[in-house]
1. Restricting attention to segment 100-114, which residues are open to solvent by 20 Å² or more (accessible area, probe 1.4 Å) and outside any helix (DSSP H, G or I)?
2. Restricting attention to segment 252-262, report how many residues are surrounded by fewer than 23 Cβ atoms within 10 Å (Cβ to Cβ) and either in contact (Cβ under 8 Å) with a residue 60 or more places away in the chain or touching a strand residue (DSSP E or B) at 6+ places or on another chain (Cβ under 9 Å) (or both).
3. Within segment 148-178, track down each residue that is within 16 Å of the ligand (Cβ to nearest atom), in contact with a Leu (Cβ under 9 Å, 6 or more places away or on another chain) and open to solvent by 10 Å² or more (accessible area, probe 1.4 Å).
4. Give me the helices (runs of 4 or more DSSP H) completely within segment 181-288, filtered to those with at least 1 residues that are within 11 Å of the ligand (Cβ to nearest atom), ordered by residue number.
5. Note down all Cβ pairs under 8 Å where the first residue falls in segment 236-250 and is on the phi > 0 side of the Ramachandran plot and of a type outside the set (Gly, Ala, Ser), the second is more than 12 Å from the ligand (Cβ to nearest atom) and open to solvent by less than 10 Å² (accessible area, probe 1.4 Å), and they're at least six residues apart or on different chains.
6. Since Leu21 meets every condition but one in (1) part of a loop (DSSP other than H, G, I, E, B); (2) within 30 Å of Trp347 (Cα to Cα), which condition does it not meet?
7. Given the options Arg95, Arg82, name the one that is open to solvent by 10 Å² or more (accessible area, probe 1.4 Å), within 22 Å of the chain's Cα centre (by Cα) and either away from the ligand (no atom under 16 Å from the Cβ) or in contact (Cβ under 8 Å) with a residue 24 or more places away in the chain (or both).
8. Name every residue in segment 1-28 that is farther than 14 Å from Ile360 by Cβ, open to solvent by 60 Å² or more (accessible area, probe 1.4 Å) and in contact (Cβ under 8 Å) with a residue 24 or more places away in the chain, in order of residue number.
Amino acid sequence: MPANARLGRLADNPFARLGDLLSDVVPRLNEPPLLMSVGEPQHQPPAMVARIIGEQAHLWNCYPPMQGTPQYRAAAAAWLTRRYRLPSGMITGERHVLALSGTKEGLFLVAMLAVPEPTARALPAVLLPNPYYLVYNGGATMAGAEVVYLDATAATGFLPDLDAIDPALLDRTALFYLCTPANPQGAIADRAYLEKAIALARAYDFVLAVDECYCEIYDGAPPTGALEVCAALGGDLRNVLVFHSLSKRSSAAGLRCGFVAGDPALIARFQHLRSYGGAQIPLPLQHAAAALWDDEAHVEANRALYRRKFDIAEKTLEGRFGFYRPPGGFFLWLDVGDGEAAAKRLWREAAIRTLPGAYIARVNGGGENPGQRYIRVALVHDDATVAAGLSRMASVL
Ligand SMILES: Cc1ncc(COP(=O)(O)O)c(C=O)c1O
């Protein structure tokens, strides 16, 4: 069978591994199974989504523009400008934004954009946080780069230590994926951290891809964004791309609407690349999505619902499993000693599925997997379900 050998290197799908781990484990508890392994929002998106899609039904016959409609791109630019208090005109829909069929598509393709041909002197490298979101590895591997996993542990504030990256590695770095708020740990990169990352991207001329898709799910202050830092540095957007999505912000994962924004030279090349391999968003969906980017009320209500779930988690788990209240995102990252064993026990004794941390992280140079001790728990269900699930969890672990 003809095959791209690079695909053979992609064997890290965490949900396939979880399926294997639990395949012969039968829950003993006579309760409905609870899936806390998947980060799928369970709140409903605002009713306007269905209404607008219905109103725009006459557009289903049309091929949508790959880059997004002018209205969609303008709504994204206006939201960025409001959300990050950017100077007016710094981000325009036309020059700085491309619609994406969910950030997943763009995060994969950005590696095709950034990674050059290898040379006899150097193999291009792509840097990822460790633990990481699967698609970063997928893009980097399929683009033919060496994938370098940078530990993001409690000791480094759950973000990669930028000062520890070897300059020889930075010399051949083509792309650096950063996730803030981070999945799974919820850590938020502050202004100084982002400034340093941007400075490195410019000094070593690599693409800094900042995945900000959890930026509207936060506990205290709104997370700083990379474009906000670019604005503070004088407005230069060179080397910086940010990725945003309605999947978490508006609980609209099924709409598949996101965008990439930033450096206009990179955006122009990204548009060219996507004209070959991108996925268009149907026009009725773009109309609904533009209205969601324009609306804040539903986002505030959504955030309040997540805060309540973290209140419940704090009450139930405080003082156990290294519990901390994550500043962003909707996951708990619990230190249970052995993540795989805990996930198995939770399924068998409590009918709860969680994700072993080791499945979303790689063994580092020191022979350790920084996710080994952890499970990731998605806090996405309604309050009563979260409360019942977490007390079941606390009683069997
Ligand atoms: C860190 C991270 N980035 C990107 C995505 C992709 O989201 P979407 O394609 O729905 O925008 C996810 C989805 O779970 C994620 O966790």
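The values are calculated or read from the model by the stated rules, or taken from the named source; none is laboratory data. In this text the structure is predicted, and so the values were computed from the model without any measurement. We place every Cβ from the backbone using ideal geometry, glycine too, and count neighbours over all the protein chains shown. Side chains included, ligands, DNA and RNA excluded: accessible areas come from the protein's heavy atoms. Shrake-Rupley method; radii C 1.70, N 1.55, O 1.52, S 1.80 Å.
1. Ser101
2. Our first condition is that a residue be surrounded by fewer than 23 Cβ atoms within 10 Å (Cβ to Cβ); within segment 252-262, this holds for 253-254, 256.
Subset that is either in contact (Cβ under 8 Å) with a residue 60 or more places away in the chain or touching a strand residue (DSSP E or B) at 6+ places or on another chain (Cβ under 9 Å) (or both): 253, 256.
Selection size over segment 252-262: 2.
3. Step one: of segment 148-178, the residues within 16 Å of the ligand (Cβ to nearest atom) are 149-150, 152, 158-160, 175-178.
Next, only the ones that are in contact with a Leu (Cβ under 9 Å, 6 or more places away or on another chain) stay: 149-150, 152, 159-160, 175-178.
Tyr149, Leu150, Leu159 - these are the residues of segment 148-178 that are within 16 Å of the ligand (Cβ to nearest atom), in contact with a Leu (Cβ under 9 Å, 6 or more places away or on another chain) and open to solvent by 10 Å² or more (accessible area, probe 1.4 Å).
4. Values: elements: 191-204, 226-232, 246-249, 264-277.
Ranges flagged: 246-249.
5. That search, which allows pairs on different chains as well, returns Asn239/Ile198; Asn239/Ala201; Asn239/Phe206; Asn239/Leu208.
6. All conditions are met except number (1).
7. Values: Arg95 fails: within 22 Å of the chain's Cα centre (by Cα).
Only one candidate qualifies: Arg82.
8. Scanning segment 1-28 gives Asn4, Arg6, Leu7, Arg9, Val26, Arg28.
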